[in-house]
Amino acid sequence: MAQQEDQFKKIVSHAKEYGFVFQSSEIYDGLAAVYDYGQMGVELKNNIKRYWWESMTLLHENIVGIDSAIFMHPTIWKASGHVDAFNDPLIDNRDSKKRYRADVLIEDEIAKFDDKINKEVAKAAKKFGDSFDEKLYRETNPRVLEHKEKREALHERFAKALNDNNLEDLRQIILDYGIVCPISGTKNWTDVRQFNLMFKTEMGSTSEGAMTVYLRPETAQGIFVNFLNVQKTGRMRIPFGIAQIGKAFRNEIVARQFIFRMREFEQMEMQFFVRPGDELNWFKQWKETRMKWHKALGLGDQKYRFHDHDKLAHYANAATDIEFEMPFGFKEVEGIHSRTNFDLSSHEKFSGKKIQYFDPELNQSYTPYVIETSIGLDRMFLSILASSFEEQALESGDTRTVLHLPAPLAPVKVAVMPLVRKDGLPEKAREIMNSLKFDYACHYDEKDSIGKRYRRQDAIGTPFCVTIDHQSLEDNTVTIRHRDSMQQERVAIDDLAKIIDSEVSLNKLLKSLA
Ligand code: GAP
């Protein structure tokens, strides 16, 4: 655990040192849970957006994008249920004066049972070696079964309390399981209360005429309220989807773990409108499509898992999370929800406007059902950054810090370096860079030794370094170095684009999804 925390700290400081992520308002001592993306971070972020956007809008003829405003009519949030129910159950510890989410404290307690089970299994695997049958052990070992039973009992009680919105029982669970405040170590807890997560502000010039508006807590509602606009002007036929990337804001009670839980963040959401009754089939299909999108990045299939929801929102009839193994455990990166026709029906009711679709094949009108895929861009960024980071021990006894970023997402694709700053090498290097820069993000670097320059590029995850030496002037060849293997090969300048393209092409990545 301490090792993982240590690793996470290193990732956070690496992100700052190399211009990926900065604390917001740092010179004023920062603003909690708000971050800025630096010169490298913005490129990585834009590349993730492009990968998502193009996978939605290019690979699906029936998905189009929009960009709706952050400010929306306040009644939208009444209709969506956010004014009344977008709450987190919070609890305070009277001794440390720290505030926690009651559900998170209990989920952490549940995870402790999982840890105990995994420890038992790991111990047995070590003891029995090759003959170890993990499945059988998990099903029959009395200690494992005991932990499992206790876990299930807690889980069931917790799910019921959440579903019933039973705040007293949430508190009672915390007391019964002896959950203590990590800071004070005491059980001196207040009652559990609901806390609305939306930020409010005023719109209008005079105080009498001002209207309370909210900073949107999700981008999805901008899609719902534009359903008819897009369907009609785009002559869209069901099933079809509307995609959007944009900022969302939540006044998180416990904002922690760097860019994992922020107060201002970005979402990439797609609402897929289907016939009533078809939604669970589409839900299944979108689960597969989205998991494939994640796995195509090559970060390791074992790092992903689905987590089906126990507590369904009142409007949903199925929901799952795609979780990624972060340095602090498996955590939600994306949610896939079958939202029924709740949102469109509710907007119909609150706006008084008919929001229906006439299905020419069925010759009838209905309110479409919706499958939503909703991914946090910043969490996606964190999952890529964290799993790419390595402090690698080299055969030479040296170490290097390298980001094994998926090549199509790397901020810089190729670094162009003259071996020395004279003899016409910089000019030749510029010539090469000028021919590559229209297709690939390039860096020109002529400062310090080649070894140091390689390290700088490794640290920002540049897949290729191209070195121009005296031989290049004679035979138009250069050395190309591969980031992950550190292997170098002599290649013709004319072949560079082909070699680079074979790894960094977003197009190729998209084709792997088709
Ligand atoms: N429209 C559905 C919706 O907003 P959600 O599960 O609340 O669903 C979707 O959020 C995704 O947005 C999450 O899976 C997560 O990746 C991201 N997200 C939510 N809250 C976040 C926060 N405070 N900071 C960063 N990302 C967040």
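State, to one decimal in nm, how far the label point of Glu264 lies from the label point of Phe328, with both points 7 Å from Cα in the Cβ direction.
About 2.1 nm separates the two model spin labels.
In nm, what is the difference between 0.36 nm times the number of residues separating Thr401 and Phe438 and their Cα-Cα distance? Can you show the working numbers first?
Numbers: separation 37, 0.36 × 37 = 13.32 nm, distance 2.88 nm.
Additional length available on full extension: 10.4 nm.
Go through 493-503, 397-407, 365-375 and give me the packing order, highest mean Cβ count within 10 Å leading.
Numbers: 493-503: 15.1, 397-407: 17.8, 365-375: 21.7.
In decreasing order of mean packing, 493-503, 397-407, 365-375 become 365-375, 397-407, 493-503.
For the range 362-435, what are the per-bin percents of Cα-Cα distances with bins 10 Å wide, up to the bin holding the maximum?
Result, from short to long distances: 13, 22, 23, 20, 10, 7, 5, 2 percent.
Starting from the alpha-carbon convex hull of the range 394-513, give the projected area averaged over all orientations, in nm². All intermediate terms of the calculation are to be shown ahead of the outcome.
On the way: hull surface 30.2 nm².
Averaging across all directions leaves 7.5 nm² for the Cα convex hull.
For the pair Glu348/Tyr28, report the inter-label distance in nm, with labels modelled 7 Å from Cα in the Cβ direction.
Between Glu348 and Tyr28, the simple spin-label model gives 4.7 nm.
Residue by residue, what Karplus-based ³J(HN,Hα) values in Hz, rounded to whole numbers, does the range 331-348 have, using 6.51, -1.76 and 1.60 with θ = phi - 60° and x for Gly and Pro?
9, 5, 10, 9, x, 10, 10, 9, 8, 6, 9, 4, 5, 5, 4, 5, 5, 4
With n ≥ 4 as the cut-off for DSSP H runs, can you work out [θ] at 222 nm for the chain, using -39500 (n - 2.57) per run divided by the number of residues, rounded to the nearest 500? Present the calculation step by step, with values, prior to reporting the outcome.
Numbers: 18 runs with 205 residues, N = 514.
Counting only the DSSP helices, I get -12000 deg cm²/dmol.
Among Thr401, Ile432, Val414, flag the residue with its Cα farthest along the positive direction of the charge dipole of the range 388-439, charges on Cβ as +1 for Lys/Arg and -1 for Asp/Glu.
My answer, from the dipole projection, is Ile432.
Taking Cα pairs under 8 Å and at least six residues apart, what relative contact order does the range 87-194 come out at, in percent? Walk me through the numbers before you get to the answer.
Working: 107 pairs, mean separation 48.5, N = 108.
Relative contact order here is 45 percent.
What size of dipole, in debye to the nearest 20, comes out for the range 87-194 about its Cα centre when the only charges are +1 on Lys and Arg C-beta atoms and -1 on Asp and Glu C-beta atoms? The partial results should precede the final answer.
Values: 22 positive and 23 negative charges, 88 e Å.
For this selection, approximately 420 debye.
Arrange the following residues from fewest to most other Cβ atoms within 10 Å of their Cβ: Ile66, Ile179. The partial results should precede the final answer.
On the way: Ile66 16, Ile179 19.
Fewest to most other Cβ atoms nearby, the residues stand as Ile66, Ile179.
Give the residue list of GluC sites (Glu not before Pro) in the range 334-365 that are DSSP loop and have at most 16 other beta-carbon atoms within 10 angstrom. Walk me through the numbers on the way to the answer.
Numbers: sites: Glu334, Glu348, Glu361; in loops: Glu361.
Sparse-neighbourhood loop GluC sites (Glu not before Pro): Glu361.
Among Phe249, Trp286, Gln302, whose Cα sits farthest toward the positive end of the charge dipole of the range 208-307 (+1 at Cβ of Lys/Arg, -1 at Cβ of Asp/Glu, about the Cα centre)?
Projecting each Cα onto the dipole axis, the largest value belongs to Gln302.
What FRET efficiency comes out for the pair Glu288/Arg94, r = Cβ-Cβ distance, R0 = 45 Å, nearest 0.05? Numbers along the way, then the final one.
Working: r = 48 Å, r/R0 = 1.06.
In this case the efficiency is close to 0.40.
Kirkwood Rh, the chain, all Cα pairs: how many Å? Could you put the intermediate results ahead of the total?
Working: mean 1/r = 0.0383 Å⁻¹.
Evaluated over the chain, this radius sits at 26.1 Å.
Enumerate the lysines that Lys127 could reach by cross-link, defined here as Cα to Cα under 27 Å, with residues fewer than 8 away along the same chain left out.
Lys112, Lys116, Lys119, Lys135, Lys148, Lys150, Lys303
At what distance in angstrom do the alpha carbon centres of the range 108-170 and the range 405-439 lie from each other?
So the separation of the two Cα centres works out to 53 Å.
If you average the C-alpha positions of the range 10-84 and of the range 181-195 separately, how far apart do those two centres end up, in angstrom?
So the separation of the two Cα centres works out to 32 Å.
So, with +1 on the Cβ of K and R and -1 on the Cβ of D and E, and no other charges, what is the size of the charge dipole of the chain about its Cα centre, to the nearest 20 debye? Please report the intermediate quantities before stating the final value.
Working: 72 positive and 79 negative charges, 91 e Å.
Approximately 440 debye in magnitude.
So how do His82, His155 line up by other beta-carbon neighbours within 10 Å, fewest first? Let's see the in-between values first.
Working: His82 19, His155 16.
The fewest-first ordering by Cβ neighbours comes to His155, His82.
Quick one: go through the range 231-256 and flag any residue whose amide nitrogen is under 13 Å from the point 7 Å out along the Cα-to-Cβ line of Gln364.
Under cut-off, by backbone N: nothing.
How much length would be gained if the chain were fully extended between Lys127 and Lys150, taking 0.36 nm per residue of separation minus their Cα-Cα distance, in nm to one decimal? Don't jump to the answer; show the numbers that get you there.
Working: separation 23, 0.36 × 23 = 8.28 nm, distance 2.53 nm.
Going from the current span to full extension adds 5.7 nm.
Find which of Asn93, Ser184, His155 sits farthest along the positive direction of the dipole of the range 87-194, computed with +1 on the beta-carbon of Lys and Arg, -1 on that of Asp and Glu, about the Cα centre.
About the Cα centre, the residue reaching furthest to the positive side is Ser184.
At a 10 Å Cβ-Cβ cut-off, how would you order Phe328, Phe240, fewest neighbours first? Walk me through the numbers before you get to the answer.
Working: Phe328 16, Phe240 21.
Taking fewest neighbouring Cβ atoms as first place, the list is Phe328, Phe240.
Readers should treat all values here as calculations from the given coordinates under stated rules, not as data from a laboratory. Just so you know, these numbers come straight off a predicted model, no measurement behind them. All Cβ positions, glycine included, derive from the backbone under ideal geometry; neighbour counts span all protein chains shown.
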